[in-house]
Amino acid sequence: MAVSDLLPRKSMGSKSRRQTLHDRLDYDQKKEKTKDGELVSSYMCSPETVAEEFEMSKLLYEAATGRSQPKERDIIAYRIIQSFKPGEITPEEANKLGYELAMRFTKGKHQFLVATHVDKAHIHNHVEFNSTNLECNGKFNNFYNSALVLRRLNDQICREHGYSVIEKPKARGQRYQEKAASKRGRSYKEQLRQAIDRVLPDSRDFEDFLKRMRKEGYEIKHRGKSLEFLAPGQQRFTRSQRLGDDYTKEALQVRLSGSRTKSALAKQKRQVSGRDVNLLVDIQAKMQAGKGKGYERWAKVFNLKEAAKTLNFLVENGVTDYSELEMRAETAGETFDTLSLRIKQLEERMTEVAQLKTHIINYSKTRDIYKEYKKSRHKKEYRAEHADEIKKHEAAKAAFDALGGRPIPKVAQLSEEYATLLAEKKERYEEYKAARKDMIDYQTAKQNVDRILGLEAEENGQQKRQETER
């Protein structure tokens, strides 16, 4: 199972912002934790200079906007911890999942570093992302319930890649009085749950549901994603999301939509394993009957809400044939892989450009110190005093040697190339997001259909029989 956590970073004690970033990011990349740095990846920054690049973006932000925060309130970065069940995942795959989680959570708008630690019994990722965005004109909005959104996104990614998640996270604790009232059936929350469960199945749509709840005596606040109820005699409104995952506004709308698909199902056809079967009607029958080992296995992982979403998706996209569903899922996956490869190529070149640009700047800044070092008769003492500058200068010289005799480009040329790469990446990333959504939607739909109809079990059985025959 994989779990996640989100923590805002501030400057530590008497340390400056830059010192704090160095300490935090150096700790994340410790060689003994990351297989000598092999398990470190990054986005729009270089692992070697990530602290400097985070700090540079903040200086540009302050210069461009004129805004700054006092030290005790300044969020300089955010840390995500992503942990996995021991023995379930390889370190390399864990790093890829950490990168995907960071990319999707930040929407590609913030620099980040992913360091996979293998020094504990459980493999876990330290993800640090810059609070300042790539454009240096804004900061990450740590919205209400962001940790919950992160957890759900993490669960979704793990399911997509076949890793376990905590299906029923520990619920928010209740006070003793509320627990006792709930047992007696007199809790306001319990009464509200019962009223919703009683009213929802007969409601035509969401507005009709709200109308029926008002007839039950509830006062309702309905704004955006927020849905709140106030029972007669109750002092404060109850948010529906506090009742559990099945009672959020989104979940209630999904539960409503599940009852509206039946009339559309009778017109859909498909063919699976040589049998003429009505695809959506067959799925609906499985849902209603709740019978069969295939359905029981599926129901342990998913629920009727997920099945209803799958039915709606198939109807809305006109998928009536199983082979068509297979073809769309495969095509969506290939499109996503092609775009992912191109974005990775762009990122790799952007990293190379950023590193070379850093080396050129460092070389210029440390040239005089390095000359003095070469002239010094006490090189050991001089190097100890100027170790950081000399190390940067030597790293820059090594990078220039690696060019193989090609002329060292100008900083302006590199900046122009970086801007061109960034522009293409932004354009590709919009395509990437759309392709990713299609891939997830179609592959999830196919996976759910296979599980509901027991096709997954049939395939596994055939494989076992073939292995036995060998």
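All conditions but one from (1) part of a helix (DSSP H, G or I); (2) touching a Leu at 6+ places or on another chain (Cβ under 7 Å) apply to residue 80; the one that does not is (1). For residue 226, state whether it is of a type in the set (Ser, Thr, Tyr), farther than 26 Å from residue 316 by Cβ and not assigned by TED's automatic domain parsing to the domain that holds residue 313. The answer is yes for residue 226. Please enumerate the residues belonging to the stretch 376-402 that are over 37 Å from the mean Cα position of the chain (by Cα), part of a loop (DSSP other than H, G, I, E, B) and closer than 21 Å to residue 358 by Cβ. Result: 386, single match. The lone criterion from (1) modelled with pLDDT of 90 or more; (2) more than 30 Å from residue 440 (Cα to Cα) left unmet by residue 361 is number (1). A search for C-beta distances below 6 Å between a residue of the stretch 315-342 that is over 20 Å from residue 429 (Cβ atoms) and any residue that is at pLDDT below 90 and in a helix (DSSP H, G or I), counting only pairs 6+ apart in sequence or on different chains, returns 315/264; 319/325; 325/446; 328/442; 329/442; 329/443; 329/446. Look through the stretch 1-11, keep the residues that are at pLDDT 85 or above and not in a strand (DSSP E or B), and return whichever of them is surrounded by the fewest Cβ atoms within 10 Å (Cβ to Cβ). The extreme case among them is 10. For the stretch 348-366, the tally of residues that are more than 28 Å from residue 424 (Cβ to Cβ) and without any contact (Cβ under 8 Å) to a residue 12 or more places away in the chain stands at 1. Listed conditions (1) in contact with a His (Cβ under 8 Å, 6 or more places away or on another chain); (2) in contact (Cβ under 8 Å) with a residue 40 or more places away in the chain; (3) more than 23 Å from residue 43 (Cα to Cα) are all met by residue 369, apart from (2).
Criterion applied to 114, 165, 127 was being buried (at least 16 other Cβ atoms within 10 Å of the Cβ), outside the structural domain of residue 53 (by TED's automatic domain parsing), touching a strand residue (DSSP E or B) at 6+ places or on another chain (Cβ under 8 Å) and touching a residue at least 24 places away in the same chain (Cβ under 8 Å), and the one residue passing it is 165.
Here is a yes/no grid of residues against (1) under 24 Å from residue 160 (Cβ atoms); (2) aliphatic (A, V, I, L, M):
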| residue | (1), (2) |
| --- | --- |
| 8 | no, no |
| 12 | no, yes |
| 37 | no, no |
| 45 | no, no |
| 66 | no, no |
| 78 | yes, no |
| 89 | yes, yes |
| 93 | yes, no |
| 100 | yes, no |
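State yes or no: is residue 402 of a type outside the set (D, E, K, R), more than 30 Å from residue 334 (Cα to Cα) and loosely packed, with under 13 Cβ neighbours inside 10 Å? Considered against the rule, which asks whether it is of a type outside the set (D, E, K, R), more than 30 Å from residue 334 (Cα to Cα) and loosely packed, with under 13 Cβ neighbours inside 10 Å, residue 402 comes out as yes. Does the stretch 393-449 hold any residues that are free of Cβ contacts under 8 Å to residues at least 24 places away in the same chain, of a type in the set (A, V, I, L, M) and more than 23 Å from residue 345 (Cα to Cα), and which are they? Correct list: 398 only. If the condition is being in contact (Cβ under 8 Å) with a residue 40 or more places away in the chain and under 22 Å from residue 135 (Cβ atoms), then the stretch 14-46 contributes 17, 21, 25, 42, 43, 44, 45, 46. Can you pull out the residues in the stretch 304-320 that are surrounded by 15 or more Cβ atoms within 10 Å (Cβ to Cβ) and either modelled with pLDDT of 75 or more or more than 11 Å from residue 255 (Cα to Cα) (or both)? Scanning the stretch 304-320 gives 310, 311, 312, 313, 314, 315, 317, 319, 320. Residues that are under 22 Å from residue 22 (Cα atoms) and of a type in the set (A, V, I, L, M, F, W, C) within the stretch 354-392 comprise 354, 356, 360, 361, 384, 387, 390, listed in sequence order. Looking at 100, 38, 62, 92, just one residue is among the charged types (D, E, K, R), in contact with a helix residue (DSSP H, G or I) (Cβ under 9 Å, 6 or more places away or on another chain) and part of a helix (DSSP H, G or I), and that residue is 100.
The values are calculated or read from the model by the stated rules, or taken from the named source; none is laboratory data. Quick caveat: nothing in here was measured; it's all calculated off a predicted structure. Please note: Cβ atoms are built from the backbone with ideal geometry, for glycine as well, and neighbour counts cover all protein chains shown.
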